[in-house]
């Protein structure tokens, strides 16, 4: 489904990603972990198409298409979803109205009929349950005045409504208390299907107790230096990142 | 000063020297402005003597006035002698129905999306179409007539209802009020007149589409709306103008009079005149005086405007709150893009007791546009327990545009309350990206955010207008982000 090949990217002349390789198949959950400043969020933003980042080398194939050639909105319509680390407030635009416009633009792109207000309301009523969303947040402007936890929950609610093929969750666990974390993680699990995939970007292993990944990758200094299964996450929790750094440095030295 | 006096004397003398000579057959007044021009216009319209005198008085006063310099706008000096002050479309006979209207004219309306045929079908909307200074078609007259409502062109009102015109003309905006109002009073060509008798609720929204067509024709519209005790009327003014290379002056005057107790007038405008090209060349100068007077107790006047066009906008729809418990409202969206400039706002003059006013102003600036809100809230000594709430929000798109706020507040008693809130925000790249990541285009995103920003004003507009206004906003801001 997603094939990242030797991806290099920079912002303001600083190289952040220095040759990322990653393969994601439908039905899989991948966790990307790493210390602060390792390039995790950059990878998420580059995949979503943020223009501030310049891709200098490498390619990203998504369902056989060159993802990097698509505009951000085209990527979204093709089923790429980013749950933002810092969800953006859009004053004056109600959450419902926003989501309806978003969903219909995606449906239209995929040759489906646009939903009318009644059908749409029915859909969101049902999807609200997935993340135990407070109904009052629907009519309020997108993320405006939401608490940190509400914003994160709202991101997963968007995901539940838009049903992406590839969801990238960027630090969705940060700022969540343990109850909210469980609800959000439950939501992601409920949305899991054979034909979609999730990339979970996180600092801590905590989230991975609830969203159990098939693969765990460690991103350091702009490249994936170690991959493994969920046990790797536990190991990282215990030992931190330094031991990998030493190990990878020596690998590089011998290479 | 002495030169001015001399000129004035010369001009005054000229009238007597040359007397009343004018080519009544001509369809267009000669370029320039003299007392003869005014006599020509007045004669063309077969006006009574008192109205000609009124015009001449305004003209003589205008000669002593100077163009206002205080608005926060820049433009080249206007040559008032290079303007044609009257032109009429060629018209063979009096028209009884739309079928008799020149098909070319109808085509133009259709292009503008305001086909009269369609409008005619749209029950509930009567259209008085003004094409270059002269009304060519008036619909729904009968239904209004049955209700006792008078809705006609200003010229017609002068002929048919001179006593009403004489009573109220200039009663809210005196002929010498300001430079542009005085000019309008001297040379106004046509416009609309509307009278709602006591206790009548006007059975439909009244709508006028103004349009500027002939080259170099200044437009000097005059609108007068009078509502008697307990009467209600909602009036829509929509404006579009085609591409035009030279700047055109538009100096209209609109007077609203809520005469009796509980009289209500709601006046909505969507203005989309040619704003000039991307370099700021051409476009309409829109220098308008709009004012309403709440004379009766519990009367109410409400202005709603969506200003997207014109190279320069200078207008302050105001309300004089004279009757006790009277209410004034001003809801405004002003958009400037490219090199457009707007200096707009309102004046709320509280005179009666327990009067209240609300001001909601939304300014949107894009490109190199400059948007100024200028508003006066004045509460007189005797206007006890009066209230005002003002909210002025500015939205910036890009970093070359400007937003300015000039609030003036004067409260002369201790029992009144005035609140003023203001905010400035910017559509950020992160907001656009967020929307795009959800599948929306930049244009969708900007439209959505801008419409959200203007929501409080749009909901004051009648339904059809709100839809049109949203579309217009999208068109005006096309390509301004990303």
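The values are calculated or read from the model by the stated rules, or taken from the named source; none is laboratory data. All figures in this text were calculated on a predicted structure; none of them were measured in a lab. All Cβ positions, even for glycine, are placed from backbone atoms using ideal geometry, and neighbour counts span all protein chains on display.
Tell me whether segment B:138-156 contains one or more residues that are in a strand (DSSP E or B) and at pLDDT below 75.
yes
Regarding segment A:59-71, can at least one residue be identified that is out of contact with any strand residue (DSSP E or B) (no Cβ under 9 Å at 6 or more places or on another chain), in contact (Cβ under 8 Å) with a residue 40 or more places away in the chain and either farther than 22 Å from residue A:178 by Cα or not in a helix (DSSP H, G or I) (or both)?
Looking through segment A:59-71, none of the residues is out of contact with any strand residue (DSSP E or B) (no Cβ under 9 Å at 6 or more places or on another chain), in contact (Cβ under 8 Å) with a residue 40 or more places away in the chain and either farther than 22 Å from residue A:178 by Cα or not in a helix (DSSP H, G or I) (or both).
Just a yes or no: is a residue in segment A:116-139 within 24 Å of residue B:432 (Cα to Cα) and free of Cβ contacts under 8 Å to residues at least 12 places away in the same chain?
No, segment A:116-139 contains no residue that is within 24 Å of residue B:432 (Cα to Cα) and free of Cβ contacts under 8 Å to residues at least 12 places away in the same chain.
Please indicate, with yes or no, whether at least one residue in segment B:446-459 is touching a helix residue (DSSP H, G or I) at 6+ places or on another chain (Cβ under 6 Å), within 9 Å of chain A (Cβ to nearest Cβ) and not in a loop (DSSP other than H, G, I, E, B). Walk me through how you get there before you give the answer.
If we filter segment B:446-459 for residues that are touching a helix residue (DSSP H, G or I) at 6+ places or on another chain (Cβ under 6 Å), which is where we start, we get B:447, B:450-451, B:458.
Pick out the ones that are also within 9 Å of chain A (Cβ to nearest Cβ) and you get B:450-451.
Adding the requirement that they be not in a loop (DSSP other than H, G, I, E, B) leaves B:450-451.
Checked segment B:446-459: at least one residue is touching a helix residue (DSSP H, G or I) at 6+ places or on another chain (Cβ under 6 Å), within 9 Å of chain A (Cβ to nearest Cβ) and not in a loop (DSSP other than H, G, I, E, B).
Which of the residues spanning segment B:302-325 are farther than 17 Å from residue B:376 by Cβ, out of contact with any helix residue (DSSP H, G or I) (no Cβ under 6 Å at 6 or more places or on another chain) and part of a loop (DSSP other than H, G, I, E, B)?
Of everything in segment B:302-325, those that are farther than 17 Å from residue B:376 by Cβ, out of contact with any helix residue (DSSP H, G or I) (no Cβ under 6 Å at 6 or more places or on another chain) and part of a loop (DSSP other than H, G, I, E, B) turn out to be B:309, B:310, B:311, B:323, B:324, B:325.
Having 1 or more residues that are touching a helix residue (DSSP H, G or I) at 6+ places or on another chain (Cβ under 8 Å) and modelled with pLDDT of 85 or more is the bar; report the helices (runs of 4 or more DSSP H) wholly within segment B:1-120 that clear it. Even if it seems obvious, please write down each step before you answer.
Numbers: elements: B:2-18, B:35-44, B:49-63, B:103-111.
Hits in segment B:1-120: B:35-44, B:49-63.
Would you confirm whether any residue within segment A:95-109 is at negative phi, in contact with a strand residue (DSSP E or B) (Cβ under 6 Å, 6 or more places away or on another chain) and within 8 Å of chain B (Cβ to nearest Cβ)?
Going residue by residue through segment A:95-109, those that are at negative phi are A:95-109.
With in contact with a strand residue (DSSP E or B) (Cβ under 6 Å, 6 or more places away or on another chain) added as a condition, the list becomes A:95, A:98.
Subsequent filtering for residues that are within 8 Å of chain B (Cβ to nearest Cβ) retains A:98.
Yes: segment A:95-109 contains one or more residues that are at negative phi, in contact with a strand residue (DSSP E or B) (Cβ under 6 Å, 6 or more places away or on another chain) and within 8 Å of chain B (Cβ to nearest Cβ).
Quick one: residue B:329 ticks every box in (1) at negative phi; (2) surrounded by fewer than 24 Cβ atoms within 10 Å (Cβ to Cβ); (3) over 16 Å from the mean Cα position of the chain (by Cα) except a single one, so which number is it?
The number of the failed condition is (3).
Need a quick list: helices (runs of 4 or more DSSP H) entirely within segment A:126-210 having at least 1 residues that are touching a strand residue (DSSP E or B) at 6+ places or on another chain (Cβ under 6 Å).
On the way: elements: A:136-139, A:148-162, A:178-190.
In segment A:126-210, A:136-139, A:148-162 are the helices (runs of 4 or more DSSP H) which contain 1 or more residues that are touching a strand residue (DSSP E or B) at 6+ places or on another chain (Cβ under 6 Å).
In segment A:145-174, which residue that is over 12 Å from the mean Cα position of the chain (by Cα) and farther than 22 Å from residue A:73 by Cβ is surrounded by the most Cβ atoms within 10 Å (Cβ to Cβ)?
Out of the qualifying residues, it is A:153.
Considering only strands (runs of 3 or more DSSP E) fully contained in segment A:1-56, which possess at least 2 residues that are over 13 Å from the mean Cα position of the chain (by Cα)?
So the answer is A:2-11, A:14-24.
I'd like the full set of residues that are part of a loop (DSSP other than H, G, I, E, B) and buried (at least 24 other Cβ atoms within 10 Å of the Cβ), limited to segment B:338-356.
B:340, B:355
Can you name the condition, by its number, that residue A:8 falls short on among (1) within 23 Å of residue A:159 (Cα to Cα); (2) in contact with a strand residue (DSSP E or B) (Cβ under 9 Å, 6 or more places away or on another chain); (3) more than 14 Å from chain B (Cβ to nearest Cβ); (4) at pLDDT 95 or above?
Of (1) within 23 Å of residue A:159 (Cα to Cα); (2) in contact with a strand residue (DSSP E or B) (Cβ under 9 Å, 6 or more places away or on another chain); (3) more than 14 Å from chain B (Cβ to nearest Cβ); (4) at pLDDT 95 or above, only one is false for residue A:8: (1).
Suppose the filter is under 30 Å from residue B:61 (Cα atoms) and either buried (at least 19 other Cβ atoms within 10 Å of the Cβ) or modelled with pLDDT of 90 or more (or both); does residue B:189 pass it?
yes
Would you mind telling me which numbered condition in (1) within 14 Å of chain B (Cβ to nearest Cβ); (2) over 23 Å from residue A:175 (Cβ atoms); (3) touching a strand residue (DSSP E or B) at 6+ places or on another chain (Cβ under 6 Å) residue A:22 fails?
(1)
Quick check: anything in segment A:38-57 free of Cβ contacts under 8 Å to residues at least 40 places away in the same chain, at the interface with chain B (Cβ under 8 Å from one of its Cβ atoms) and within 27 Å of residue A:204 (Cα to Cα)?
Looking for residues that are free of Cβ contacts under 8 Å to residues at least 40 places away in the same chain, at the interface with chain B (Cβ under 8 Å from one of its Cβ atoms) and within 27 Å of residue A:204 (Cα to Cα), one finds at least one in segment A:38-57, hence yes.
I'd like to verify a number: residues in segment A:72-88 that are part of a loop (DSSP other than H, G, I, E, B), more than 8 Å from chain B (Cβ to nearest Cβ) and under 15 Å from residue B:436 (Cα atoms), how many?
Here the count works out to 2.
If we scan segment B:373-380, do we find a residue that is more than 23 Å from the chain's Cα centre (by Cα), more than 14 Å from chain A (Cβ to nearest Cβ), surrounded by 15 or more Cβ atoms within 10 Å (Cβ to Cβ) and assigned to a loop (DSSP other than H, G, I, E, B)? Don't jump to the end; show me each part of the working.
The first filter runs over segment B:373-380 and keeps only residues more than 23 Å from the chain's Cα centre (by Cα), leaving B:379-380.
Checking the rest, the ones that are also more than 14 Å from chain A (Cβ to nearest Cβ) come to B:379-380.
Restricting the remaining residues to those that are surrounded by 15 or more Cβ atoms within 10 Å (Cβ to Cβ) gives B:379-380.
Now restrict to residues that are assigned to a loop (DSSP other than H, G, I, E, B): B:380.
So far as segment B:373-380 goes, yes, one or more of its residues are more than 23 Å from the chain's Cα centre (by Cα), more than 14 Å from chain A (Cβ to nearest Cβ), surrounded by 15 or more Cβ atoms within 10 Å (Cβ to Cβ) and assigned to a loop (DSSP other than H, G, I, E, B).
Which condition does residue A:67 not pass, out of (1) in contact with a helix residue (DSSP H, G or I) (Cβ under 7 Å, 6 or more places away or on another chain); (2) within 13 Å of chain B (Cβ to nearest Cβ); (3) buried (at least 21 other Cβ atoms within 10 Å of the Cβ), if it passes all the others?
(2)
Exactly one condition in (1) within 10 Å of another protein chain (Cβ to nearest Cβ); (2) farther than 17 Å from residue A:97 by Cβ is false for residue B:426; which is it?
Going through the list (1) within 10 Å of another protein chain (Cβ to nearest Cβ); (2) farther than 17 Å from residue A:97 by Cβ, residue B:426 breaks only (1).
Is it fair to say residue B:433 is part of a helix (DSSP H, G or I), within 14 Å of chain A (Cβ to nearest Cβ), within 29 Å of the chain's Cα centre (by Cα) and buried (at least 22 other Cβ atoms within 10 Å of the Cβ)?
Values: part of a helix (DSSP H, G or I): yes; within 14 Å of chain A (Cβ to nearest Cβ): yes; within 29 Å of the chain's Cα centre (by Cα): no; buried (at least 22 other Cβ atoms within 10 Å of the Cβ): yes.
Judged against the criteria, residue B:433 is not a match.
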